[in-house]
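Visitor: Got a structure here, written out as structure tokens. Questions coming.
The values are calculated or read from the model by the stated rules, or taken from the named source; none is laboratory data. This structure is a prediction, so every number in the text was calculated from the model and none was measured. All Cβ positions, even for glycine, are placed from backbone atoms using ideal geometry, and neighbour counts span all protein chains on display.
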Amino acid sequence: MLISLNYAIFALAIALSLDLFRRARRYREAAIHMALFAIAALLGGFAHHMEAEQMLVHRWIHEANNLLPAHSQAGSYHSIYLRMWLATFFAIGLTEYYFMRIFLHPLAERYGLGWVKGALVASLVAFCCASLVISQYSLVVMFHLFTHVLVIGFSLYLIYAKGLKLFWQLIFLVTLNLAAGGVWSLMALGELPTGPLHYNDWYHIIILVFLLYLHRVLTKGRLVDTLASLQPEPTTASKQLTPSTSPMPAVD
């Protein structure tokens, strides 16, 4: 497995995040999403490195514990590995949460759907709680599927109800990311050949393409600008207050 691909994702996501942070404030949540993506890739790289270099890590932990007082010693290799993997899961959960925020928060703001924001937070909390008892990557795949189906549904609504054809790009983008997860799953099950690469390597290569295309859609594709242009719809009361029927101030 090419662990260097994890670090390549980290470097690319950091570069794209810095580019988004230097832009207008409406790009802030997209920039945070990219930064969290970078952190998740970095932590995942550390976890994979620990797997690949178990004997070396065991020796480092042993040597470190010999230098530390008993009350400050590091845990075993297994306990540290589990904590690293848990931190990776939490970072992935936050990445998925901010991915949904980019596209679903404007919808909630426009139509006064405050429950949507609460539902996103609840989904993140549920994923983090599940991560405490489930260490299989299949949990990430399921949460990944949930978040992307929501974004696809949001995009289809904007396309067919509001005529925003631009969001076909977002559907293609999300479908590409789902395809990456599908390819990873089939390769992990042995249903697809992996060739000279590990199935994780193919997944990470597709993720690199996904990040580049996501950045392009958000910026040059003007997706963030389109989302920022969504204004809250007037309430029923405000619609009734036309210039001819609005109440006049009292005259003394």
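Visitor: Looking at the stretch 123-137, I want the residues that are in contact (Cβ under 8 Å) with a residue 24 or more places away in the chain and within 10 Å of GLY93 (Cα to Cα) and have a partner that is among the β-branched types (Val, Ile, Thr) and outside any loop (DSSP other than H, G, I, E, B) with Cβ atoms under 9 Å, at least 6 apart or on another chain. Which pairs are those?
Guide: From residues that are in contact (Cβ under 8 Å) with a residue 24 or more places away in the chain and within 10 Å of GLY93 (Cα to Cα), the pairs are SER123/THR147; PHE127/ILE92; PHE127/VAL140; SER131/ILE92; SER131/VAL140.
Visitor: Still on this structure, please answer the following. Could you check ILE134 against (1) part of a helix (DSSP H, G or I); (2) more than 15 Å from the chain's Cα centre (by Cα) and say which number it fails?
Guide: Result: ILE134 passes all but (1).
Visitor: Of the residues that make up the stretch 87-96, is at least one within 30 Å of LEU227 (Cα to Cα) and among the charged types (D, E, K, R)?
Guide: Scanning the stretch 87-96 turns up at least one residue that is within 30 Å of LEU227 (Cα to Cα) and among the charged types (D, E, K, R).
Visitor: Identify, by number, the condition in (1) at pLDDT 85 or above; (2) under 17 Å from MET100 (Cβ atoms); (3) within 16 Å of the chain's Cα centre (by Cα) that LEU173 doesn't meet.
Guide: (1)
Visitor: Can you tell which of ALA41, ALA31, ALA52, ALA15 is over 30 Å from PRO196 (Cβ atoms) and among the hydrophobic types (A, V, I, L, M, F, W, C)?
Guide: It is ALA31.
Visitor: Please determine whether any residue of the stretch 6-21 is surrounded by fewer than 20 Cβ atoms within 10 Å (Cβ to Cβ), touching a helix residue (DSSP H, G or I) at 6+ places or on another chain (Cβ under 9 Å), modelled with pLDDT of 90 or more and of a type in the set (Val, Ile, Thr).
Guide: Yes, that holds for at least one residue.
Visitor: Give me the helices (runs of 4 or more DSSP H) completely within the stretch 31-131, filtered to those with at least 2 residues that are over 30 Å from HIS148 (Cα atoms) and of a type in the set (D, E, K, R), ordered by residue number.
Guide: So the answer is 54-67.
Visitor: Still on this model: Given the conditions (1) in contact with a Ser or Thr (Cβ under 8 Å, 6 or more places away or on another chain); (2) over 24 Å from ALA8 (Cα atoms), and given that LEU82 satisfies all but one, which numbered condition is not satisfied?
Guide: Checking LEU82 against (1) in contact with a Ser or Thr (Cβ under 8 Å, 6 or more places away or on another chain); (2) over 24 Å from ALA8 (Cα atoms), the one that fails is (2).
Visitor: Report yes if TYR203 is surrounded by 17 or more Cβ atoms within 10 Å (Cβ to Cβ), out of contact with any strand residue (DSSP E or B) (no Cβ under 9 Å at 6 or more places or on another chain) and not aliphatic (A, V, I, L, M), otherwise no.
Guide: Yes, satisfied.
Visitor: A further question follows. Counting only residues that are loosely packed, with under 15 Cβ neighbours inside 10 Å and on the phi < 0 side of the Ramachandran plot, how many does the stretch 147-165 have?
Guide: Residues in the stretch 147-165 being loosely packed, with under 15 Cβ neighbours inside 10 Å and on the phi < 0 side of the Ramachandran plot: 8 in total.
Visitor: Looking only at residues in the stretch 166-180 that are touching a Leu at 6+ places or on another chain (Cβ under 9 Å) and buried (at least 19 other Cβ atoms within 10 Å of the Cβ), which one is nearest to LEU227 (Cα to Cα)?
Guide: This residue is PHE167.
Visitor: Right, next: Quick check, is GLY93 under 14 Å from the mean Cα position of the chain (by Cα) and free of Cβ contacts under 8 Å to residues at least 60 places away in the same chain?
Guide: yes
Visitor: Still on this structure, I have one more. Going by the structure shown, is ASP225 outside any loop (DSSP other than H, G, I, E, B), at pLDDT 80 or above, among the charged types (D, E, K, R) and out of contact with any Leu (no Cβ under 6 Å at 6 or more places or on another chain)?
Guide: So ASP225 fits the description; yes.
Visitor: Restricting to the stretch 1-27, what's the tally of residues that are part of a helix (DSSP H, G or I) and more than 14 Å from THR95 (Cα to Cα)?
Guide: The qualifying residues number 16.
Visitor: Is it true that LEU2 is surrounded by 13 or more Cβ atoms within 10 Å (Cβ to Cβ), more than 26 Å from VAL133 (Cβ to Cβ) and modelled with pLDDT under 90?
Guide: yes
Visitor: Then there is this: Among the candidates VAL174, VAL151, VAL141, single out the residue that is touching a Phe, Trp or Tyr at 6+ places or on another chain (Cβ under 6 Å) and in a helix (DSSP H, G or I).
Guide: VAL151
Visitor: Restricted to the stretch 52-87, and to residues that are touching a residue at least 24 places away in the same chain (Cβ under 8 Å) and out of contact with any Phe, Trp or Tyr (no Cβ under 8 Å at 6 or more places or on another chain), which residue is surrounded by the fewest Cβ atoms within 10 Å (Cβ to Cβ)?
Guide: ALA52
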